[in-house]
Each structure stands twice: as C-alpha cells, then as structure tokens.
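Engineer: Input: one structure, supplied below.
The values are calculated or read from the model by the stated rules, or taken from the named source; none is laboratory data. Since this is a predicted model, take the numbers as computed values, not measurements. We place every Cβ from the backbone using ideal geometry, glycine too, and count neighbours over all the protein chains shown. Protein only, heavy atoms only, side chains kept; ligands, DNA and RNA dropped before computing areas. Shrake-Rupley method; radii C 1.70, N 1.55, O 1.52, S 1.80 Å.
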Amino acid sequence: MRKKHHHKKSPSFTKKWSAKLHLWFGLSVGLIVFIVSLSGTMYVFKDEIQHQLRKEAMYVNAETITQQPLSIETLKEKVSLELNEKYPISSVEIPLAKNRAYEFLYYEKDKKAWNYFDEVKINKLVYVNPYTGEVLGIYNEKYDLFPILKSIHWSLLLKADWGKYVVGIPVVLFIIMLITGIILWWPKNKKARKGRFWFDWKNVKTWKRKNYDLHNVLGFYASFIALLMSLSGIYFAYPWVKNTFNLALSGSVELPKEKEMKSQDSLHGKNNAVYDLTARETRKLYATSSSFRIPLNGKNKKGKTLKNIPVTVYGEDGRFAVRNQLAFDKFSGKLLINKPHQQLNAAEQYAHANYDIHTGSYFGMAGKIIWFIAGLICTSLPVTGFLVWLGKKKKKGIKKAS
C-alpha cells in the first residue's frame, strides 16, 4: 500500500510578497533603523536623568525666597552681563513653583549650514535664582548628550530641515516592515499559534533557532507600540501626514490660525515692564500650571519678527500635551488672546500631544518604561533579522555545494 505524501503548502501570495518586502526593506534600511531606534531609546528618560544631574541648579535655596522675584528685564541684564554672549537671549521659562529657578535660553541657528554642529550656533541654558539674580548653572546644550541624541534620532546629525527626510523615508519603510512582519508572524492554525506568543526552548539547542524566536516573538509584541512611535515620528517629518491627522480629527487640513491683534495702548509707546505684566497676568490665569515660556528676542522659531508676545503655558512638568496659549501686546503688555487647552479642537490638541505620544510620556512613567522596552526591541530587530537572513544564506550555500 502506498504511503500518502503530505506536501507542504506553499505560502499565500500575501505572505510571499510580505516576506520579500520585509527582507528587501530590512537589508536596505536596517542600519538606519538601528541608529534611530537606539538614539530614541536613550532619549526616553532625558527629563529624569537631567533632573538628577541638575538638581542643584534647578532649585533655589529656601532662604533666598522672597515674596516678589526680580523683574525679568533685571534678570535678563544680569545673565547677559555674566555670559557676555554675542547672541541675544531667546526666551525664558518661568516655573510656577516658588523654589524653582528661571531658565534663560540662548538659541540661534545658521540656515546655510548642512549639519547639526554648524547649524546650531548657540544653545545654552542658564538657570537663575529669580530672587537674587544669581546664576546657578550654565549648560552648553549644543554639546550635551541629549540634544545630540535628539539630532541623531531626528536627522542623523544632518541639517534639521532636510535631514528629517533622510530618517523619514526609512521610517516609512520600517512601518511597512512592521505590517509585513505581523502578516508573516500570523499563525495558520491554533496549533501553530502556541509557539508564536512565547519562547519554547526546552529542546532547542541551536542559536539560530533562538535568534529566530527573538526576532519573531519580541518583534510581534513590540510592533504595535513601534507603529505608534513611527507614525507619531513621521507626523513631525511630513506635512501630508500632519494634514491627514488634521483632516481625520477636525475635518480640515489646516490648523486654525490666530488673527493678528493689536491693542490701542500700543500707540502710547512701550512699557518697560511689559514682560513682568505678561508674567503676572499669566500666573493669575493659570496658577495651577507647571510653567510658561516667554520669547525675549522678539522672534519666533523660524526667525520671523513677532507682532505680539506669545506665551505658552505648560500644564504639567515634563509634558507638552496640555498647553494653553496666550498673546500679549508687545508694547503695553495688554492681554489680546487667551486660548485654554480645553478650547482647542481635536487636531490642535493632538498636535500638542504628539511629542508626548512619541516619547511615551503621554502615558506617564508606565508609558516611558513600555516605550523604552519597545525601543530596545526595535533596536535589536535589525540585528536579529540580519542574522536570520545570514543563517538562511549560509544554509542555501551549503545545499548548493552538496
């Protein structure tokens, strides 16, 4: 009697092409995915690490705390005299906690530069005791580990404007790799499902099989977080991604633009205490917030002259999702616009939350830990994937030789 031969079913069209795309894209952008994942993972706990390293500069001596801090102009002059920089102070971040130092920032960019170190002319953060004017700490952020890691993650240390595409294209391919990876992982039946969720290494002795399982199992668990990280990442890089989010969330491609407003008091000339008036009103309106930032050089991030004084109020320390927007007349200090977080539409709220979602901080400390673990797995995937491919290549070479 003839024995029945059980022929192995050939993979479906979807799995066949998923395998091809997964391999081709993995070999082509694996190194960039490794670098971007590693730098992003190392950046996750930036706030916690810096908080420990800069504790002495961030907090003021309790004995120096008085009822009223010095004026912002006075503090600005003290910082300028002590540092003697050729560039003006860009902004000040004012914490609402009385025991915290003010943070004065120097930041200038060279639009013609092609790499991070030439593009950033200056990036210095100065911690100042607001009651005495004493400089508590000066940090050259340009050469600090975390801004460098951020630049590697964002643009591979290339100019931010176009370097983001050098990273953005591989991230788009990585998204396709994640989707094809899930398709390849998906078990055919219940029996095959058992070995896909965890490691079964009782009778496994070869490193090749263990490496394959690491790539397969860990890749599956990390893939959903990795998709969220990747999509929130290309949100920064590609306007069409941002526009798609805007359209889906609020029914409009463009975010609402604020009308330029001007107070009648502007005609009377500039009030020398304009920043203090701004700060006082902001404290009054958002007394329970974490901090607020005031630009001091009269320019926005793109270097254009500001027609008023925009103030950003951060609801929570170390997070950017809850953000309130104010605008004051730059001559009189009169409040022109007050837009609380609750009044923003869904697209605007997401725009503020995207950074926190990308870093995991949106979900608190638990989110950061999960994002960190997922980042480590994403860093390992190009390595384990390459070893899987190398093992198969060697196996084919041995078969051909025999």
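Engineer: Please compute the per residue accessible area over the chain with all protein chains in place, 1.4 Å probe, rounded to a whole number of Å².
Structural biologist: 60
Engineer: Which Cα, out of THR64, LEU75, SER290, lies furthest along the positive dipole direction of the chain (beta carbon charges, K/R +1, D/E -1)?
Structural biologist: SER290
Engineer: Further question: If you count, for each residue, the other Cβ atoms within 10 Å and average over each peptide, how do 247-256, 336-345, 36-45, 224-233 line up from highest to lowest?
Structural biologist: For the peptides 247-256, 336-345, 36-45, 224-233, the packing ranking is 36-45, 224-233, 336-345, 247-256.
Engineer: Once you sort the root eigenvalues of the Cα gyration tensor of the stretch 47-90 as a ≥ b ≥ c, which label holds: rounded (a/c under 1.5), prolate (a/b larger than b/c) or oblate (the other case)?
Structural biologist: Note, shape of the stretch 47-90 comes out oblate.
Engineer: Return the calculated 222 nm mean residue ellipticity for the chain, to the nearest 500 deg cm²/dmol, obtained by summing -39500 (n - 2.57) across DSSP H runs with n ≥ 4 and dividing by the residue count.
Structural biologist: Helices in the chain give a 222 nm mean residue ellipticity of -16500 deg cm²/dmol.
Engineer: Kindly express, to the nearest 10 degrees and within the range 0 to 90, the angle between helix 346-359's C-alpha long axis and the longest C-alpha principal axis of the chain.
Structural biologist: That works out to roughly 70 degrees.
Engineer: Carbon-plus-sulfur fraction of the accessible area of the chain, 1.4 Å probe, in percent?
Structural biologist: 60
Engineer: Using a simple charge model, +1 on the beta-carbon of Lys and Arg, -1 on the beta-carbon of Asp and Glu, nothing else, what dipole does the chain show about its Cα centre, in debye to the nearest 20?
Structural biologist: Here the size comes out at about 4140 debye.
Engineer: When a/c reaches 1.5 or more, the comparison of a/b and b/c decides; with that in mind, is the stretch 1-142 rounded, prolate or oblate per its Cα gyration tensor?
Structural biologist: Prolate, because a/c is 1.5 or more and a/b exceeds b/c.
Engineer: Here are labelled values, [x] 73, 26, 17; [y] 51, 22, 19; [z] 35, 28, 21, and one is the computed semi-axes √(5λ) of the Cα gyration tensor in Å for what I pasted. Which one?
Structural biologist: [y]
Engineer: Next up: Would you be so kind as to identify which of TYR238, ASN271, ILE179 lies farthest towards the positive end of the dipole of the chain, taking Lys and Arg as +1 and Asp and Glu as -1 on Cβ and the Cα centre as origin?
Structural biologist: It is ILE179, whose Cα lies furthest towards the positive end.
Engineer: Here's another thing I want to ask about it. Using a 1.4 Å probe, how large is the accessible area of ILE169, given in Å² and rounded to the nearest 10?
Structural biologist: Approximately 100 Å² for this residue.
Engineer: Can you give me the C-alpha center-to-center distance between the stretch 33-89 and the stretch 332-388, rounded to a whole angstrom?
Structural biologist: About 22 Å separates the Cα centre of the stretch 33-89 from the one of the stretch 332-388.
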